[in-house]
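J.: Take a look at the following structure, please.
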Amino acid sequence: IIDILRNGSKLMLLATGMTLVLATGGTDISVGSVMAISGAIACSIVANGGNVAVAVLVAILAGVVTGAWNGMLVSKVKIQPIVATMILMVAGRGIAQLITNGKIITINSDSYYFINGGYILGLPFPIFIVAFVVLVAMLFTKKTAFGLFLESTGINPVSSHFAGINVDRIKWMVYTFCGVMAAVAGLIESAGIKGADCNNAGLLIEMDAILAVAIGGTSLNGGRFSIPASLFGALIIQSITTSIYAMGVAPEVTLVVKSLIVIFICLFQSKAFKERLKRRFVSRKAVSQA
């Protein structure tokens, strides 16, 4: 359980940010590349003798910049979210490799390693990071009008605009927040391996983040959302991954299992499929009664 919580912390952070993005009817497939950029920046600073606190702050600032960039493309330039974030998804790893000169940077800093491997009260430190982030996100979305504005934007952005909601600002804010979550996840991952591997850091994790949110019940079309449900979905994904590895099954099988879950979720969210399934069930029941 401890391994699932620690290893799933990255996915829980990404799922928190992705929940808000999907609630607007958008998506962010660049979070894996942002993780690579964040880890590359932090490890480069620490490897050159820099302070760990400064490295963390600069890496998080990079998350703010990349998230704001995605938000600008979506809200101001009006590029489709999947296309806008694909730009950074492709270019981000190149940027991370430029930062590290194409090398895998290894560091030896106990303070930095504590971000992933540290314990407080017998629990992994990443869990406290997740708890703090989720608490802030929950307070912001449930105790302020922002949550209502967010749902309204996802349901009908045109009506929301005419109702006086600054739709562009809402989208810009959630993409920026998602970038910050990816940056923090990148810090946790790089601290875990004590280095920056730009080729593999966060590779394909954006699909897991979207899947976790979908499992939690947030509609991919936007609207109502639930952060706790997305966290539960992230734990399910991590539990499946950890269980498969523990049983000695080939890692490729994990992708097959996840793809089957995606198919099931897409069918479950399809009104046409549910209506067709309901009609078939009713017709079979009528035949059996006759």
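The values are calculated or read from the model by the stated rules, or taken from the named source; none is laboratory data. For clarity, every value in this text was computed on a predicted model and none was experimentally measured. Glycine gets a Cβ as well: all are built from the backbone with ideal geometry, and neighbour counts include every protein chain shown. All accessible areas refer to the heavy atoms of the entire protein, side chains included, with ligands and DNA or RNA removed. Shrake-Rupley method; radii C 1.70, N 1.55, O 1.52, S 1.80 Å.
Residues are listed down the side, and each one gets a yes or a no for (1) farther than 21 Å from Ala23 by Cβ; (2) open to solvent by 70 Å² or more (accessible area, probe 1.4 Å); (3) not hydrophobic (A, V, I, L, M, F, W, C):
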{"site": "Val90", "(1), (2), (3)": "yes, yes, no"}
{"site": "Tyr119", "(1), (2), (3)": "yes, yes, yes"}
{"site": "Lys142", "(1), (2), (3)": "no, yes, yes"}
{"site": "Gly147", "(1), (2), (3)": "no, no, yes"}
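J.: Check whether at least one residue in region 197-213 is at pLDDT 85 or above, open to solvent by less than 60 Å² (accessible area, probe 1.4 Å) and more than 17 Å from the chain's Cα centre (by Cα), and report yes or no.
T.: Yes, region 197-213 has at least one match.
J.: So, one more: Could you list, in sequence order, all residues of region 227-250 that are under 14 Å from the mean Cα position of the chain (by Cα) and either surrounded by 15 or more Cβ atoms within 10 Å (Cβ to Cβ) or within 13 Å of Leu22 (Cα to Cα) (or both)?
T.: Ile227, Ala229, Ser230, Leu231, Phe232, Gly233, Ala234, Leu235, Ile237, Gln238
J.: Report, by residue number, each residue of region 30-55 that is within 13 Å of Met181 (Cα to Cα) and hydrophobic (A, V, I, L, M, F, W, C).
T.: Once the filter is applied, which keeps residues that are within 13 Å of Met181 (Cα to Cα) and hydrophobic (A, V, I, L, M, F, W, C), region 30-55 yields Val31, Val34, Met35, Ala36, Ile37.
J.: Step by step: first the residues of region 121-140, then only those that are open to solvent by less than 20 Å² (accessible area, probe 1.4 Å) and not β-branched (Val, Ile, Thr), then the one that is nearest to Glu189 (Cα to Cα). Which residue is that?
T.: Only one residue fits best here, namely Pro126.
J.: For Ser38, state whether it is touching a Pro at 6+ places or on another chain (Cβ under 8 Å), among the hydroxyl-bearing types (Ser, Thr, Tyr) and under 23 Å from Asp110 (Cβ atoms).
T.: No.
J.: Which is open to solvent by less than 20 Å² (accessible area, probe 1.4 Å), in a loop (DSSP other than H, G, I, E, B) and within 24 Å of Phe149 (Cβ to Cβ), of Gly179, Gly223, Gly217?
T.: Among Gly179, Gly223, Gly217, only Gly223 is open to solvent by less than 20 Å² (accessible area, probe 1.4 Å), in a loop (DSSP other than H, G, I, E, B) and within 24 Å of Phe149 (Cβ to Cβ).
J.: Continuing with the same structure: For region 215-232, how many residues are modelled with pLDDT of 90 or more and of a type outside the set (Ser, Thr, Tyr)?
T.: 6
J.: Still on this structure: Check off (1) at pLDDT below 95; (2) within 21 Å of Leu204 (Cβ to Cβ) for Thr66 and give me the number that stays unchecked.
T.: (1)
J.: Let me ask something else. Do you know which residues across region 12-55 are on the phi < 0 side of the Ramachandran plot, out of contact with any Phe, Trp or Tyr (no Cβ under 8 Å at 6 or more places or on another chain) and not in a helix (DSSP H, G or I)?
T.: Matches in region 12-55: Thr24, Thr27, Ile29, Ser30, Asn48, Gly50, Asn51.
J.: Can I ask one more? Could you give every pair whose Cβ atoms fall below 8 Å, whose first residue belongs to region 17-46 and is closer than 16 Å to Val65 by Cα, and whose second residue is open to solvent by 10 Å² or more (accessible area, probe 1.4 Å) and of a type in the set (Phe, Trp, Tyr), counting only separations of at least 6 or pairs across chains?
T.: Close Cβ pairs satisfying both conditions: Gly17/Phe177.
J.: Being modelled with pLDDT under 80, out of contact with any strand residue (DSSP E or B) (no Cβ under 6 Å at 6 or more places or on another chain) and under 17 Å from Asn7 (Cα atoms): is that true of Thr254 here?
T.: yes
J.: Out of region 91-108, which residues are more than 15 Å from Ser44 (Cβ to Cβ) and without any contact (Cβ under 8 Å) to a residue 24 or more places away in the chain?
T.: Selection gives Gly94 alone.
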